[in-house]
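Beneath this line is the structure, given in structure tokens, with notes to follow.
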Amino acid sequence: ALAPGIRLLRALPRDSRYRGLTLVLTFLCYTSYHLSRKPISIVKSQLHPNCSALGPNPHNDSNSSTWCSWAPFDGDNYKELFGALDNAFLVAYAIGMFISGIFGERLPLRYYLSGGMVLSGLFTALFGLGYFWDIHVLWYFIVVQVCNGLVQTTGWPAVVACVGNWFGKGKRGLIMGIWNSHTSVGNILGSLIAGAWVSSAWGLSFVVPGIIITTVGIICFFFLVEYPEDVDCSPPLHHVSSIDSHLSGQSGVDSSNSPKEPAEEPEAISFLGALRIPGVVEFSLCLLFAKLVSYTFLYWLPLYIVNVAHFGAKEAGDLSTLFDVGGILGGIFAGLISDYTGGRATTCCVMLVVAAPMLFLYNHVGQNGIGTSIAMLIICGALVNGPYALITTAVSADLGTHESLKENAKALSTVTAIIDGTGSVGAALGPLLAGLISPTGWNNVFYMLIAADVLACLLLARVVVKEVRGWCGYMARKRGYVR
């Protein structure tokens, strides 16, 4: 008799099997991307720890209070150096993302994605090898971070394009909200894996994630299917409903992507052509500030917990994973609500509005007890990462298959890269500003984050107004029909 799992697979329709395979593979791919990004935030507190807590200085030839720190991060400017490390990665990532989407539309996604993952594994491991090679020069770590930032841009446009090729718009928000938990799962696993070695041999906190992402990249090369048509499956329907027709400024119509004929494959969209798609600019600028907040937490939360709550490096890393647990819940909730209401922008705006006071409360009462800290981290994670997850997944896929493209589906990677690339500018600014502001007090860092949330909300105001008008028109037509 066949194994139960095989019988279950055979019972599923052919399309469902391949869609499931695509979801699982792309989930694992981007989980490993974030898994390899997280160790730097965990290791920071070990590169410049509180040496006095470790006892007397065993080095008789030095009276320095930073004898246990890792040079060149043993000076008083260590926070600025940590900010430089973050910025090296994030600026390279932001610049590379705008270019990556263009390549993603013109190269086989399977080769592009798997090659990028293998290179990401190499540069992640090289950072950790600095520990075993006893490297103490800043330029080595900066160069590795820049190279890693560039190659990691292969991931997001490729995985969103693959999922968008397989799934239509009907329940895209919920499906992608659940699927987007790979970001938080990767952060959680990255924190736990890095934390396992951070106090003993911090180099392994990078080498092990580097091996993992390389392995997943090889698996992706052998099993990823880019288009349903490649395996004789039916392409999805990309349609615009009457509620969310604000994206096109037209009444709702249904339009489906016809199966692609190899001889009639449309040309990839240009960069300027992608910018002209209604909604791309607004959501891109909103994501700039939303991602600023999210990545500031990603890179600085463990250090904030160490400094304010006075936990050890491993305990702070473990506690910081609760922010990502909230991010999983927030992404699913945002996708579900936006599917039900048809209001992607309104869902983002409401969550951003509520996030601002929650951030204020976390800074002031979040460390009053372990129970309060856990609850506030989960709530803040949901409200901060919910809009970020929705924009980078369902919104990007909606705009990349927008009806104004006239059935040209060769815009998914470019649109995704523009939106996430703009957001990555904010991701680069956030940790940099946190590094510059934190010496003046953590309160000022949180004021900066709250201001960014408010600006992100305001940038979506025009799209929200269009959504509200669409709802009002829909209800008016519905009442007129009943009468």
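The values are calculated or read from the model by the stated rules, or taken from the named source; none is laboratory data. Bear in mind that the values here come from a model prediction, so they are computed numbers and not experimental data. Cβ: placed from backbone, ideal geometry, glycine included. Neighbour counts: every protein chain shown. Note: accessible area is taken over every heavy atom of the protein model, side chains too, but ligands, DNA and RNA are not part of it. Shrake-Rupley method; radii C 1.70, N 1.55, O 1.52, S 1.80 Å.
Points to keep in mind about this one:
- Contact map, the stretch 365-382: first residue under 17 Å from residue 330 (Cβ atoms), second residue open to solvent by less than 50 Å² (accessible area, probe 1.4 Å) and part of a loop (DSSP other than H, G, I, E, B), Cβ cut-off under 7 Å, separation 6 or more or different chains; pairs are 376/366.
- The residue of the stretch 327-347 that is most open to solvent (accessible area, probe 1.4 Å), among those that are of a type in the set (A, V, I, L, M, F, W, C) and farther than 18 Å from residue 184 by Cα, is 337.
- Among all positions in the stretch 314-326, there is no residue which is surrounded by fewer than 24 Cβ atoms within 10 Å (Cβ to Cβ), among the β-branched types (Val, Ile, Thr), modelled with pLDDT of 90 or more and part of a helix (DSSP H, G or I).
- The stretch 115-143, residues that are open to solvent by 10 Å² or more (accessible area, probe 1.4 Å), in contact with a Gly (Cβ under 9 Å, 6 or more places away or on another chain) and within 23 Å of residue 193 (Cβ to Cβ): 118, 119, 122, 123, 125, 126, 129, 131, 132, 133, 140
- Residue check, residue 126 within 29 Å of residue 275 (Cβ to Cβ), at pLDDT 90 or above and assigned to a helix (DSSP H, G or I): no
- Candidates in the stretch 465-480 are the residues that are under 19 Å from residue 387 (Cβ atoms) and surrounded by fewer than 22 Cβ atoms within 10 Å (Cβ to Cβ); of these, the one that is modelled with the lowest pLDDT is 468.
- Single unsatisfied condition, residue 146 versus (1) closer than 22 Å to residue 110 by Cβ; (2) modelled with pLDDT of 90 or more: (1)
- Counted residues, the stretch 70-102 - those being open to solvent by less than 20 Å² (accessible area, probe 1.4 Å), touching a Phe, Trp or Tyr at 6+ places or on another chain (Cβ under 8 Å) and either in a loop (DSSP other than H, G, I, E, B) or modelled with pLDDT under 80 (or both): 1
- Residue within the stretch 53-62 that is modelled with pLDDT of 80 or more, of a type outside the set (D, E, K, R) and either under 26 Å from residue 201 (Cα atoms) or part of a helix (DSSP H, G or I) (or both) present: no
- Of all residues in the stretch 160-178 being touching a helix residue (DSSP H, G or I) at 6+ places or on another chain (Cβ under 6 Å), open to solvent by 10 Å² or more (accessible area, probe 1.4 Å) and assigned to a helix (DSSP H, G or I), the one that is nearest to residue 337 (Cα to Cα): 174
- The residue that is farthest from residue 113 (Cα to Cα), among those in the stretch 13-29 that are hydroxyl-bearing (Ser, Thr, Tyr) and open to solvent by less than 10 Å² (accessible area, probe 1.4 Å), is 22.
- When residue 155 is tested against (1) at pLDDT below 90; (2) within 24 Å of residue 330 (Cα to Cα), exactly one condition is not met: (1).
- Residue in the stretch 351-373 that is assigned to a helix (DSSP H, G or I), within 15 Å of residue 188 (Cα to Cα) and either at pLDDT below 85 or in contact with a Leu (Cβ under 8 Å, 6 or more places away or on another chain) (or both) present: no
- Among (1) open to solvent by less than 10 Å² (accessible area, probe 1.4 Å); (2) modelled with pLDDT under 80 - the single one residue 10 does not satisfy: (1)
- Hey, residue 309 closer than 25 Å to residue 185 by Cα, among the small types (Gly, Ala, Ser) and at pLDDT 85 or above or not: no
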